[in-house]
1. Could you list all residues from the stretch A:27-45 that are crowded, with 24+ Cβ neighbours inside 10 Å and either part of a loop (DSSP other than H, G, I, E, B) or of a type outside the set (Gly, Ala, Ser) (or both)?
2. Please work out which one of (1) surrounded by 23 or more Cβ atoms within 10 Å (Cβ to Cβ); (2) closer than 18 Å to A:GLY408 by Cα; (3) away from every other protein chain (no Cβ under 11 Å) is the condition A:GLY324 fails and give its number.
3. Is one or more of the residues making up the stretch B:413-429 away from chain A (no Cβ under 12 Å) and surrounded by 24 or more Cβ atoms within 10 Å (Cβ to Cβ)?
4. Can you tell me which residue among A:LEU406, A:LEU440 is among the hydrophobic types (A, V, I, L, M, F, W, C), under 15 Å from A:TYR463 (Cα atoms), in contact (Cβ under 8 Å) with a residue 60 or more places away in the chain and away from chain B (no Cβ under 13 Å)?
5. I'd like the residue in the stretch B:46-71 that is of a type in the set (S, T, N, Q) and away from every other protein chain (no Cβ under 13 Å) and, out of all such residues, is surrounded by the most Cβ atoms within 10 Å (Cβ to Cβ).
6. A:ALA543 passes all but one of (1) part of a loop (DSSP other than H, G, I, E, B); (2) crowded, with 24+ Cβ neighbours inside 10 Å; which number fails?
7. Return the residues of the stretch A:328-340 that are part of a loop (DSSP other than H, G, I, E, B) and within 13 Å of another protein chain (Cβ to nearest Cβ); say none if nothing qualifies.
Protein chains: 2
Amino acid sequence: MTTQEELHQWYELAQQLRVDSIRATTIAGSGHPTSSMSAADVMAVLLTKYFHYDFEHPKNPNNDRLIFSKGHAAPLLYSMYKAAGVINDEELRSLRKLGSRLEGHPTPILPWVDVATGSLGQGLPIAVGLALAGKYLDQLPYHVWVLLGDSETAEGSVWEAFDHAAHYTLDNLIAIIDVNRLGQRGQTELGWNTQAYSHRAKAFGWQAIEIDGHDFTQIDHAMNAAIAVNDRPTVIIARTKKGQGVATLEDLGGWHGKALKPEQEEQAIAELGGERQIIIQVHQPDTQEPVPTGKPQPLQLPSYEKDTKVATRRAYGDALKALGNSQPDVVALDAEVSNSTYVEDFAEAFPERYFEMYIAEQQMIAAAVGLQVRKYKPFASTFAAFLTRAYDFIRMAAVSRANIKLMGSHAGVSIGQDGASQMGLEDLAAFRAVWSSTVLYPSDANQTAKLVAQMSDRQGIVYLRTTREATPVIYDADAEFPIGGSKVIRSSDQDQATIIGAGITLHEALKAYEQLKNAGITVRTIDAYSVKPIDVSTLHQAAQDTEGNLVVVEDHWLEGGLGAAVLDAFAGVGEMPTYEGPQLQLIKLAVSEMPTSGTPEELLHAAKIDADAIIAAVRSLVKHPLSTKC
Amino acid sequence: MTTQEELHQWYELAQQLRVDSIRATTIAGSGHPTSSMSAADVMAVLLTKYFHYDFEHPKNPNNDRLIFSKGHAAPLLYSMYKAAGVINDEELRSLRKLGSRLEGHPTPILPWVDVATGSLGQGLPIAVGLALAGKYLDQLPYHVWVLLGDSETAEGSVWEAFDHAAHYTLDNLIAIIDVNRLGQRGQTELGWNTQAYSHRAKAFGWQAIEIDGHDFTQIDHAMNAAIAVNDRPTVIIARTKKGQGVATLEDLGGWHGKALKPEQEEQAIAELGGERQIIIQVHQPDTQEPVPTGKPQPLQLPSYEKDTKVATRRAYGDALKALGNSQPDVVALDAEVSNSTYVEDFAEAFPERYFEMYIAEQQMIAAAVGLQVRKYKPFASTFAAFLTRAYDFIRMAAVSRANIKLMGSHAGVSIGQDGASQMGLEDLAAFRAVWSSTVLYPSDANQTAKLVAQMSDRQGIVYLRTTREATPVIYDADAEFPIGGSKVIRSSDQDQATIIGAGITLHEALKAYEQLKNAGITVRTIDAYSVKPIDVSTLHQAAQDTEGNLVVVEDHWLEGGLGAAVLDAFAGVGEMPTYEGPQLQLIKLAVSEMPTSGTPEELLHAAKIDADAIIAAVRSLVKHPLSTKC
């Protein structure tokens, strides 16, 4: 039962949240007061009655989680932090200023913000990851609360989340849709048709509760019902008014993302009953320990016999399973291709740490982001081509300062018959252009295993690209491959050019090396398995030693991949050492025409990235074969 | 009423489609026979009774459209083409071979394939674009048929399509979900729970019909009901068996994407009643003319006074409206930010050619791909950051050889206070690495208008990046800016270095120029508005003239953007002329730390891409200022 005292407290707190949202945005001169005001009542009830959170220990595993999927309502979130007593009024007034923790959209610079939001439709799928952690790994009774805007339900990723949350019976997940009817540029698609939202949510297997989002009693009852249910997630569909509480703003167009002018501010605050300084004692969370997911064991990586043929995707699967055995915090996700990525072996060995994400790459990446909030180490895998589906989520994961590990298999034209739709040809470019990223591209099974082991503790977005085809094992099982390094696998003091390859093209480079050697041309051959960071000093040395003659060959589009990484190594980027050797004569061999179906060999040849093309490129640089020169 | 004759014909045809799917994949040694067999009955009824198509004139505007969203069922599609008499058995047996039109997944190399599929969950959203064209632009009675797999309904993009199709009452759109229960690695999430699919579809506003997908009478009735409805789209949810018709394949795991061995093939074909050579006379389509969307008018581009301040996104909106007035085939789409992209002006002027896509970027790009199938010229716009959401759709649009025009606004840190989530910082890298792409980045309003005009007829994926902030108009309204060109805006015969910028950084370059000039250093200043293709010869000339001293400055991550494009111009990529000038000393100035909120000026400074940073970079290259040198 809702008490009169509660009703009074909530009203006062909600008005304070509105006033503070207005004050912060007016002084900032920009921001979203009206989108904050619509959800103030709901958040007032949540903060005082249902939310359990130890603000002094944001990493307390028992804490409830709160994600503002509608990140533009950041002023409301920050006003809640003020009401919780963890930021002061001065900091609130620093909103959107350089150096402030209170950015225009929430980021984990604030210790109570787990993930960045602001690209709509991402908060709920990330919450699915957190709720998976809570229910299946931690096995703790915390709840994951998500505030969504109504407009963002147009994003398909929201429905991936609805789907997966129900599939995994995430009764610890509670979504609140703030149906304020008005999007950025007018009425939303569904307006105030809360029944439409409800039908959709129920059809996806959720408990759906429609309420007046400004009626505290209804809010209270809905949250109570959400907590009570134990076989499905709940969505509270709150009909609200944008700008609620101020007549000149309420439910009016033209006020999205607009701060009030000082005179408007004054009037609005007066109408809301003036400033308040309420501090809420937020409920402390439970004090249980998370259930351990296993005991650490010594790492026993797989090893492979030299000169056998093993696909690097196969080695990835083997190594991931070994890592899972060694590190109980390693978890794996896959988008219904685990028999192609070989993540199925991990899934079989550690079913409780494997999450099938079906064909929903956005949800897969979002779940990984959610899982790493609770310090798990998620490895998410699918075809390299299909990771492009989640590029916005990967971009935002970087803003979240997330630590996630991604594997893209079936890279390049060398997949063969399936054709262009299945070929990852832009992944190196896309991942290199992600902040905090590491990009790895092994050429051999033993190398793959060593890199997978290093991925585990690597910070940021770590991407491993693998090959469909079985390729020769060229390294000993005890060789080391540090991230940021490279392997000079053929070298002499008479090298006239350098071939730089990685993955499938390294094997073409080795074939080219042999043929060139027979023709009297020796070339240095470098395995650039670490595409980002790239091994600048080895590349500089090679250019120095081989008259600046470089051939870079990659199974990727011409732009942004390994060739670009090599070029960057010779440009004055950041703190890189300066190159002062002979002038570069660099030839990039990469895919430039749209590939078709064919055998891997045919397609490597057609794309001019095979041994023949490498030999031709080297010959075009090396005018005088060694035999004539000496 | 279904007749006995029909039942017999359908049975025979369906068996033929199965046999041919098996034959083609067995000879190829790979492919998806069982995923083809499950849908053979449904497709047999469609092809003989409901599909209206002029195979001799695939571009006939009255043709029905058929999209295999489950692109891996390509053998079935090709078997249908054989049954329609447009490919022969010899060609069918070329499946997946180099040089064959019959690729592993359908592509528009075949004249009857409008768009490439193979990345799941894309066919239905593309069909929404085609159905929009049919209902609102062409105003022709053709139907758009889409065959989906059950697994792909896990993709959020499918629900974006369900949502938009109902919103636009696309009663000309008929989706068929082939619920064969088995995904690539086991049971799908929903298995044979056709009711769950039905509930979801109905909740999204569709007519949903559950049938036994191997019962011809039920198929017939469902298609009839789909054609009859006139206020909503229809989905036929067909419960089927993967591998239907062959006991050793039917509804069994382990048969996804697997060809039969010759001995298995022989037995299967026998069980299916042997080979058949049925040719179907497919119904001819209607003969109406599409409704014209307007009359061409002379193009009157907007023009802007020099030294006023205008945001390039504002100029884009103005130019798009002008283009819309001139070219009746120009259509516009936006993802609920049309008041930020200024597409609202087009929407107001030409409401019948504007499609609000709400916050569903994947659906927006897919609809653009669908619209261009019917030769409309779609311009799709949103924040640059949010186009990353649709990267897989853009990648696949290239495989579709689609001609679409995209605009990304709010690029870079210069957007200011909203923070990193809203900043497009990887868009140049991402778009450069798309096949067939053009990447434009204007610095001024007049230039923007000229580039928008050129986008209209440009083939492939054309991307225009714009800036949030108002920037000075620096060019005359009559200046020309050909794609592939650049503007040398400051030049002398004593230039000691070259600054290359574009967009917002060009204005910083101009400030740097003035300050350097005052300090006795003259620098060439180049506006590289065409990032791809880049103006190689002007860059070579500048390097030649300025001792190889280049500073490239961009509001983008360090990787893959303008700096990479400039480096590529000096590497031996494709047919590029070779650079033979002084050794390059190239400094890339770009964003390397995660930005926060702040004013545009503060953030440009913090990112070290403002005039101060440019001056420092030039000074580090130019050891001897001109004054001392002379």
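The values are calculated or read from the model by the stated rules, or taken from the named source; none is laboratory data. All values reported here derive from a predicted model rather than from experimental measurement. We place every Cβ from the backbone using ideal geometry, glycine too, and count neighbours over all the protein chains shown.
1. Taking the stretch A:27-45 as the starting set, the residues that turn out to be crowded, with 24+ Cβ neighbours inside 10 Å are A:31-45.
Listed by number, the residues that qualify are A:GLY31, A:HIS32, A:PRO33, A:THR34, A:MET37, A:SER38, A:ALA39, A:ASP41, A:VAL42, A:MET43, A:VAL45.
2. (2)
3. Of the residues in the stretch B:413-429, the ones away from chain A (no Cβ under 12 Å) are B:414.
Pick out the ones that are also surrounded by 24 or more Cβ atoms within 10 Å (Cβ to Cβ) and you get B:414.
Yes, the stretch B:413-429 contains a residue that is away from chain A (no Cβ under 12 Å) and surrounded by 24 or more Cβ atoms within 10 Å (Cβ to Cβ).
4. Numbers: A:LEU406 fails: in contact (Cβ under 8 Å) with a residue 60 or more places away in the chain.
Result: A:LEU440 is the single residue among A:LEU406, A:LEU440 that is among the hydrophobic types (A, V, I, L, M, F, W, C), under 15 Å from A:TYR463 (Cα atoms), in contact (Cβ under 8 Å) with a residue 60 or more places away in the chain and away from chain B (no Cβ under 13 Å).
5. Start the filter on the stretch B:46-71 by keeping residues that are of a type in the set (S, T, N, Q), which leaves B:48, B:60, B:62-63, B:69.
Now narrow it down to the ones that are away from every other protein chain (no Cβ under 13 Å): B:48, B:60, B:62-63.
Working: B:THR48: 20, B:ASN60: 17, B:ASN62: 20, B:ASN63: 22.
Ranking the candidates gives B:ASN63 first.
6. (1) is the only condition that A:ALA543 fails.
7. Let us first name the residues in the stretch A:328-340 that are part of a loop (DSSP other than H, G, I, E, B), namely A:328-329, A:335-337.
Of everything in the stretch A:328-340, those that are part of a loop (DSSP other than H, G, I, E, B) and within 13 Å of another protein chain (Cβ to nearest Cβ) turn out to be A:ALA335, A:GLU336, A:VAL337.
Conditions tested, residue by residue: (1) surrounded by fewer than 18 Cβ atoms within 10 Å (Cβ to Cβ); (2) of a type outside the set (Val, Ile, Thr); (3) modelled with pLDDT of 95 or more.
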site: A:PRO233; (1), (2), (3): no, yes, yes
site: A:LYS241; (1), (2), (3): no, yes, yes
site: A:VAL246; (1), (2), (3): no, no, yes
site: A:LEU249; (1), (2), (3): no, yes, yes
site: A:GLU271; (1), (2), (3): yes, yes, yes
